[in-house]
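Asker: Sharing a structure below in C-alpha cells format, with a few things to ask.
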Amino acid sequence: RVLVGTKVDETHANWVTAYNMLTGIRVAVSRTNAKLDRPLTDADFDVKQKSTFDIAGNELVPSAKYDFKFKDYAPWVFRHLRTLFRLDPADYLMSLTGKYILSELGSPGKSGSFFYFSRDYKYIIKTIHHAEHKFLRKILKDYYQHVKDNPNTLLSQFYGLHRVKMPYGKKIHFVVMNNLFPPHRDIHQTFDLKGSTVGRDYREDDLENNPRATLKDLNWLRRKRNIELGLQKKQLFLEQLYKDVRLLQRLQIMDYSLLVGIHDLQRGNEENLRDKTLRVFNPGGSGNTSEDFEPHSVLMRTPSKLESQRKARELRQMIQSEKPVPMGQTSSRMPDELEEGQNRPGFIFNQDDGGFRATHEDNSPGEEIYYLGVIDCLTHYGIIKKIEHFWKGLSSDRSQISALPPHEYGERFISFISSMAMSQEEAIRVAQERDAA
Ligand code: ATP
Ligand code: CA
Ligand code: CA
C-alpha cells in the first residue's frame, strides 16, 4: 500500500527523529523477544533499559546512522502485553521497521503530540508529554492486570513505551499503540465523543473542505445518530465499557473519549487513497481548518526488495533464537508471509472485518461496521487541575474549562454512551415511559 501525501525526504525536520525511533524499537524489541519467555516479576514494571547508538556500534548495539540515546521502558511487561493482544512478534517488527516508512501528522491537537502511522496503518506512534509518560509507568501494573482480566478491553492497547534523545535535543517520549481503524476499509464518519457538550462541536460549515473531519458530541446529537447493536452485542459492549471506565475512575483519569469510526457497507470503499489518507490523518484537537490536518508523509529510505527480505530473515532469527544470529543465513519464511496476518482475530469488538457490525433488534445485520475504542486515556486528574488553575488565573470564564472530577467524568461518559447505544425503538419506549411517569 502506497502512502499518499506530501513525501518528505531525508531533509525533513523529523526524519532523523523518526528514523531513530524505529531503529530503537527494532533493536530493543528484538533484544527482548530473542530471550526465552518467562513470567513477569514486580521488578519488570520499573525497568528502564538504556542504549546508546552511534555510527560505530558495538557488540550490544548495532551501528546506526545517527548518534542518539534510546530508552526502553518495562520491556518484559510490554512483551507480555503484546502477547495478550495477540500480536505476532515478527509481524510487529516488520510493520514498524521492515521498511523505514512512517507517515506523520505534525502536531494536530492542542496537546502538541505528534502521530506517526506504520506503513501498513496497523500501529500508531504517539509522542506523549513527560507527565503522561510518568503516569503510564505509574499505572502500568493496574493496566496490565486489567488487560489480563479483560482481553476485550476497549482501552487503547499499549505495545511499547520508549524515549529517544538526540544530541542537544529534547527527550521525546512515545508510545506504540493500536490504530483503531482498519487499513483496508474506508471510514466514512469519525466521532470523538466525551459525553460533554461544552466546546464539543466541529463547525459544520468546515465539513465541506474536510468531509472526513473528526466530529464531536454536538455533531453526533445534531445528527440524531445512534449505534445500533441489538440486545446481545449492546450488552457486551456496555459491560466492557463499564469495566474499562471503572478502571479509569479508580486511577483518576479523565479527558478520554470514545472514538467511533463508521464504515457504511453500502458506500463501500469507493473513495480514493487520498481521501483515505485524510481520514487516517485526522486527529481532532484544536483547529477546525483543513490545513491543520493536512497530512504529510515522512518517506524514509525504502530498502530494495532483497534488502528487506534479508532484514526479515534476520528479524525472525533474532526472535526465534536466544541470541542474535549473524546475518546472511537462510530461512524458509519469506517476508510476504510475515507481513500478512489477519486483522485482530478473536476479539469480540473486532469480529466483523476488524470492527463490530451493526445489528438490529431482531438480530438481522445492519449496514454499518463500527470501529470503537477509548482513546487518550493518560490524563491524570492532577494534571488537569494544574492547567485549570493556571487558566483561572487568566480568565474569569470558568465554565469553559471547568473539569469534572474523574468519577463524575466517567459517569457522564457512560450515560452518554449508553444513550447513544439505544436503538430507535428503545429510545421511543424510554421517552414514552418518562412522559407517562
Ligand atoms: P487532545 O489532548 O488535544 O485531545 P491528543 O494529542 O492527546 O489531543 P488524542 O485525543 O489521543 O490526541 O487523538 C486525537 C485524534 O487522533 C482522535 O480524535 C482520533 O481522530 C485520532 N486518534 C487517536 N488515537 C487513535 C487510534 N488509536 N486510532 C485511530 N485514531 C486515533
Ligand atoms: Ca483527546
Ligand atoms: Ca490528550
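Asker: So what's the net charge close to E426: Lys and Arg +1, Asp and Glu -1, counting the other residues with Cβ under 12 Å from its Cβ?
Answerer: Details: positive: K234, R429; negative: E228, E361, E425, E433.
Once all neighbours under 12 Å are counted, the net charge is -2.
Asker: In this model, which of K48/K126; K35/K126; K194/K234; K170/K194 are farther than 30 Å apart at the alpha-carbon? List each step's numbers first, then the result.
Answerer: Numbers: K48/K126 19 Å; K35/K126 27 Å; K194/K234 19 Å; K170/K194 32 Å.
Cα-Cα > 30 Å for K170/K194; rest within.
Asker: Once Lys and Arg get +1 and Asp and Glu get -1 on their Cβ, which of L248, N219, L229 lies farthest toward the positive end of the dipole of the stretch 131-256?
Answerer: L248
Asker: Given the pairs K71/K99; K99/K148; K110/K138, which span a C-alpha to C-alpha distance of over 27 angstrom in this model?
Answerer: On the way: K71/K99 22 Å; K99/K148 32 Å; K110/K138 24 Å.
Violating the 27 Å Cα-Cα cut-off are K99/K148.
Asker: How far apart, in nanometres, would the label points at H184 and H130 be if each is projected 7 angstrom from Cα along the Cα-to-Cβ direction?
Answerer: 4.4 nm
None of the figures in this text is laboratory data; all of them are computed from the coordinates on show. The shown structure was predicted, so the numbers you read here are calculated from the model rather than taken from an experiment. Here Cβ is always computed from backbone atoms with ideal geometry, including for glycine, and neighbour counts include all displayed protein chains.
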